[in-house]
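For reference, the structure discussed in these notes is given below.
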Amino acid sequence: GVPRVFEERVLTVIMESCFVGGGTFVQRSRRVSVDGLRGKAWRSGGSKRSSLRSQPARCAAESQLLQKQEVLKTEVVEDTPPPPPVVQPSKRQVLTSLALLIATDKALIVLFRTLNIQFPASLFGMLAMFGTLLALDVVRPEVSTKVAGAYQPGVNFLAKWLAVCFAPSLVVLPLAPMPASADLLRTVCVLFLGWAISLLSAAYVAIALQKLSVSEEEEEVLTPAAPIVMPPYRKLAKILGASTAGTFLLSIASSGFTPFVAAYTLSATLLGFCLGNLLNKDVKKIIHPLITCTLTALCAIFVLAQASGVATAGLLAGYITRAHNILKVGGGDLLLSLLGPAVVSFAFQMYSRKKIMKQRSLEVIGASFFASIFGLFGTAFLARLFNASAYVRKFLIPRQLTAPLAIRAAEALTADIGLCLSVVVLTGLIGANFGRLLLDIFKIRDPAARGIATGASSHGLGTAAIAAEPDAFPFAAITMALVGLISSLLVLTPPVRILLLRVALGGL
């Protein structure tokens, strides 16, 4: 058999080779088992008697190994620096950053009105800010870092409350015109089926493009983004509950004084959003907090209408007034005022993932072009397939666009603008509520594919809903903007528009 002295020497060399300068442990791809080596020595011919004689030496060797392991643990702990503390921005930093975002959005709105540009200023601001940061990153990286850092506290704050900024459009949805009862079912079928096909097709196109453009050796491992620290929803729900009750009493006592009513409806909307976020994780896959805050706001408006003897439709119309007089603004106006800055803030979310977005740029651009063309012509074909009325087929075509772009598309298609906006809101609501669930059902796990699919099929509402996935969110934001831009250009191009109408109405 193998001499015992030789065996112990081999064990000592193996263990000492795992320690280099200063006690740092070098992890080996192969782990050598002490018991395995001893078993090998036993099987190679060593007698039981010699093994028994060497038991004291074996015990001494094992004791030395244990002592070295303890020293290793102690030295590794001492040499490992503690994790850096998470520094939370002060309230002043958050307010300053929010003011920067709001000022940026307002400046762009004024500029676009002055130049009479019929394009969403916030959407342009997002793309322009993202491009500017990328350019600065090449020329002056330290400047781009400082700019992004100045905006970041406000960006993080809006990310926590992003979804609720889209709630006012859902709250006033009952006031929107609806198609005739004969076409209502056809409209709903086209919306659900068209959305699902757009979502899944965009996801699979993105996955296919990834396989074509990036090999397994070149693919960079996606470093998970830092999770968003959510607000204390339970504590806020108690505060907002008390605020809702108090402003309700003030609204009744003041005979519907507008500022009190606005504070009441705003508190109820935020309360519903907090309660929705307190639901179980599995329940939230089916009932998104957008649904709970919308239903809470509608119930609050109905209760106030019954208590004060005012028509529910009148109070609902006062939820969004778009008035410039602060005494006449509604609760929804206050949330909508943050929607533009929130869209601009998407640029910083994308910039934070610029490296992986550059690597996956072919997927984003290719899937955006596919989703734009397939979404427009696919919707036109589905509307025709379900034999909807001619006016219904027209206002269904721009369903994948954001509201401002959908208005321009509806005008070009001579469609009903009010019904078109209703369809846009419903499409976003479907995507926000069921998008992540459908992607999970089809086992689409890749963050880029999930984000691209959501942005391509559900525009702003869906993008807001997927903000809970920080790795997928930047892809949803950029795809939403690209699909909106490409689809608008296609609809406004006369030959394409004529072809779309022929597909929808017949003649092709």
Practice problem: Subtracting the Cα-Cα distance from 0.36 nm times the residue separation, let me have the gained length for residue 445 to residue 119 in nm, one decimal. | Solution: 114.0 nm
Quiz item: Under 18 Å from a point 7 Å along the Cα-to-Cβ line of residue 317: which residues of region 243-266 have their amide N that close?
Solution: 256-259, 261-262
Quiz item: If you line up the Cα atoms of region 366-508 on their principal axes, what length do they span on each, largest first, in Å?
Solution: 43, 26, 26
Quiz prompt | region 233-333, accessible area per residue, ligands and nucleic acids excluded (1.4 Å, Å²) | solution = 51 Å²
Quiz item: Ordering 166, 381 from largest to smallest accessible area (1.4 angstrom probe), what's the sequence?
Solution: 381, 166
Exercise. Would you rank 498, 478 by solvent-accessible area, highest first, keeping every protein chain in place and using a 1.4 Å probe?
Key: 498, 478
Self-check item: Largest-first ellipsoid semi-axes for region 330-418, taking √(5λ) over the Cα gyration tensor eigenvalues, angstrom
Solution: 30, 23, 9
Quiz item: Which percent of the accessible heavy-atom area of region 233-333 goes to carbon and sulfur, probe 1.4 angstrom?
Solution: 69 percent
Quiz item: Per 5 Å bin from zero, what fraction in whole % of the C-alpha pairs of region 233-333 is there, up to the bin with the longest pair?
Solution: 2, 15, 23, 23, 17, 11, 6, 2, 0
Quiz prompt | Ellipsoid semi-axes in whole angstrom, largest first, where each is sqrt(5λ) of the Cα gyration tensor of region 415-494 | solution = 23, 15, 10
Practice problem: Filter the chymotrypsin sites (Phe, Trp or Tyr not before Pro) in region 236-295 to those in DSSP coil with at most 14 other Cβ atoms within 10 Å of their Cβ, and list the result. | Solution: 257
Quiz item: For the residue pair residue 255 and residue 361, what label-to-label distance in nm results when each label sits 7 Å from Cα along the Cα-to-beta-carbon direction?
Solution: 6.4 nm
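The values are calculated or read from the model by the stated rules, or taken from the named source; none is laboratory data. Model, not experiment: these values are computed from the prediction. Neighbour counts run over all protein chains shown; Cβ positions are idealised from the backbone, glycine included. The area values use the complete protein model at the heavy-atom level, side chains included, leaving out ligands, DNA and RNA. Shrake-Rupley method; radii C 1.70, N 1.55, O 1.52, S 1.80 Å.
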